[in-house]
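Just below is one structure, and these are the notes that go with it.
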Amino acid sequence: MKKLLFTSLLLAASLTVSAFDFGGMLTNNSKFADLTPDDGIKLVQKNAVKLWGKHTLKGTDNYVLVQGQYQFEHNFGFDKNTQAVNLDIAQFVLAGKNLTAVIGRSYKSDVSGIVYSQPGDGINLTWKVPGFKAGAYAYYTGLLNSQFVTIITDPADDYMRDPDKLYDLNAKYFVSGLSASLSNFWKEQTVTAEVICTANLDKTTYNRFYAEGQLEGPLPLTGLFYDVTGVVEYSVFNKDDPEYDFLTGANLFWYPGTKDAQVVVHTVYASGSDTTASTPLRGFKGFTSQTAVNSLSEPEYSGIFISGLSAAFKPVQTLKVSAGADAVFSTENRKNEYKGFQCAAALDFQVLSDVYAGVDFTRYQGKDDSGDDKTAVTVKVSVSF
């Protein structure tokens, strides 16, 4: 009885010194796209319900945030249903004057935005003072759901995804990293460095180490900004010889200063495999799977060179219009071979503060009759509550 009374008093006390907020979202994603070279456009229908809760300690910036979702997908092309549940976020944030600690399941993206961009279970520390920021993080990936996060593994790895499971445990990796950023060190320029180490904890050994650097800032002309990023990958698979690969990227941004308009010239180059070398190379591989080209094969950022132009503006504050186009080249076997052309357009409409609607169009046209052509139109609606 005394224990029950003590617990009740503790709960009552915690409610008086903290605040709890919660909400959710219903999403609809209807994608009409080519699924195979010959069957024409088919519908892939995806619906989800997301719920979140946030508990903030009164008088502090410390909080607990939890978000999860249930997702249902029906692929009309293959007449297949897929269901999945996920714990998107489960983090405890301790915010100090200069040091912030995020403990639990949280999202992290590296400086390139290509190598590592996903949630993980662990800790992320950030230390900030004027003009300087440093970070350290460590994550375990084996408890993530592979239905929502795809990790790039070697084809010879023991891990196999099971897309039919409601919650399919992911490949087991330990990921750690360090980063440092120096801002306004010269004419408002910012330089950032980051190192990432990923260690495979399964039976096979596929370990990767990434060293990254980025320089960004304004240019002398009004409204012009840039960033340049470089990544060197050092990888070891089982007892094979170590391998070095690289990725580079650059963006030039122009902000005219009206209608929230922006124009971006962008390019990404990822080294490819080389079967002609004395020691065959596998090519650059990131850690998180990301689609580089909207073709049927949906290649990763590996053995690929992409260069293009995109633009966006808001004719009214609630409507965003964007479009872009890219030329795509293969960098396999140390050659730059033209592969195709892709274009995209999108409308994003904030109907009400808690109602969003949008439509995306993408088209990839391969060189000659490559069988990789793809057209996709996606209609998106979400309602927050």
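The values are calculated or read from the model by the stated rules, or taken from the named source; none is laboratory data. Just so you know, these numbers come straight off a predicted model, no measurement behind them. Cβ placement follows ideal geometry from the backbone for every residue including glycine, while neighbour counts extend to all protein chains displayed. Heavy atoms of the whole protein, side chains included, go into the accessibility calculation; ligands, DNA and RNA do not. Shrake-Rupley method; radii C 1.70, N 1.55, O 1.52, S 1.80 Å.
A few comments on the model shown:
- By accessible area, using a 1.4 Å probe on protein heavy atoms only, the chain has 63% of its surface on carbon and sulfur.
- Each 10 Å bin from zero up to the one holding the largest Cα-Cα distance in the chain carries the following percent of pairs: 4, 17, 27, 32, 14, 4, 1, 0.
- Theoretical gain in end-to-end length, LYS42 to LYS97 [0.36 nm per residue, Cα-Cα removed]: 14.5 nm
- Helix 2-16 axis versus longest C-alpha principal axis of the chain: approximately 60°, rounded to the nearest ten.
- Net charge, SER117 excluded, C-beta distance under 10 Å - Lys, Arg +1, Asp, Glu -1: 0
- The range 23-136 - Debye-derived log10 I(q)/I(0), Cα point model, q = 0.14, 0.22, 0.23, 0.24 Å⁻¹: -0.78, -1.20, -1.24, -1.27
- Placing +1 on the Cβ of every Lys and Arg and -1 on the Cβ of every Asp and Glu, with nothing else charged, gives the chain a dipole about its Cα centre of roughly 1580 debye.
- Sparse packing (at most 12 other Cβ atoms within 10 Å of the Cβ) combined with a DSSP loop state is found for the following GluC sites (Glu not before Pro) in the range 154-223: GLU188.
- Positive contributions from Lys and Arg (+1) and negative ones from Asp and Glu (-1), summed over other residues with Cβ under 13 Å from the Cβ of TYR107, come out at -1.
- Rounded to whole numbers, the Karplus 3J(HN,Hα) couplings from phi for the range 73-87 are 10, 10, 9, 6, x, 10, 6, 10, 9, 9, 10, 7, 10, 8, 9 Hz, using 6.51 cos²θ - 1.76 cosθ + 1.60 with θ = phi - 60°, and x at Gly and Pro.
- LYS54, LYS133, LYS335, reordered so the largest accessible area comes first (probe 1.4 Å): LYS335, LYS133, LYS54
- Average Cα contact separation per residue, the chain, under 8 Å, 6 or more apart, as relative contact order %: 11 percent
- Rg/Rh for the range 206-349, where both radii come from Cα atoms and Rh is the Kirkwood radius: 1.05
- Links that overshoot a 22 Å alpha carbon limit, given the list LYS314/LYS374; LYS58/LYS133; LYS239/LYS339; LYS54/LYS172; LYS108/LYS172; LYS80/LYS203: LYS314/LYS374; LYS58/LYS133; LYS239/LYS339; LYS54/LYS172; LYS80/LYS203
- In whole percents, the pair-distance distribution calculated for the range 329-376 from its alpha-carbon pairs, binned every 10 Å from zero, is 22, 31, 23, 15, 8, 0.
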